[in-house]
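Only the coordinates and a few stated rules stand behind these numbers; no lab work does. All of these numbers come straight from a predicted model, not from anything done at the bench. Please note: Cβ atoms are built from the backbone with ideal geometry, for glycine as well, and neighbour counts cover all protein chains shown.
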């Protein structure tokens, strides 16, 4: 399609790896919460689909209700879309997008720690 790519492909790939960590952490959390594969599938529909719609990839975050916009900062996909767009279209470098990388990683870590706590609790019988 010959769309120009303004930024670093390696930086975008690195950010994608960080986002995949966060997305996998959410998947692990949902897997721990679900008792069956059917429940897991429903949780995916109820959690992942709205998360993707609210990320800013399909529609601009600015067009969402004002009360919802601050809540989207709790979604790793929102941070991913911000730095991916900045790298791809604006040619941003790491000095410009490192806060988004960090937030994506921290949110992924928080979901992973929550998963670990819930898993240990379920194994312990509580």
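What to note about this one:
- With respect to the chain, whose longest principal axis is taken over its alpha-carbon atoms, helix 76-90 is tilted by about 10°.
- CD proxy at 222 nm, helix term only [per DSSP H run n ≥ 4: -39500 (n - 2.57); per residue of the chain; nearest 500]: -24500 deg cm²/dmol
- Rg ratio for region 65-105: its Cα radius of gyration over 2.2 N^0.38 Å, N being its residue count, equals 1.21.
- A simple packing score, the average count of other Cβ atoms within 10 Å per residue, orders the peptides 16-27, 31-42, 72-83, 91-102 as 72-83, 16-27, 91-102, 31-42, with the highest score first.
- If R0 is taken as 30 Å, the Cβ-Cβ distance between residue 20 and residue 66 corresponds to a FRET efficiency of 0.45.
- Pairwise FRET efficiency - residue 37 versus residue 10, Cβ, R0 = 35 Å, nearest 0.05: 0.40
- Per residue, the convex hull spanned by the alpha carbons of the chain comes to 130 Å³.
- Centre separation in Å (Cα based) which lies between region 60-126 and region 29-58: 15
- Based on alpha carbons, the Rg and Dmax found for region 1-70 are 15.8, 46 Å.
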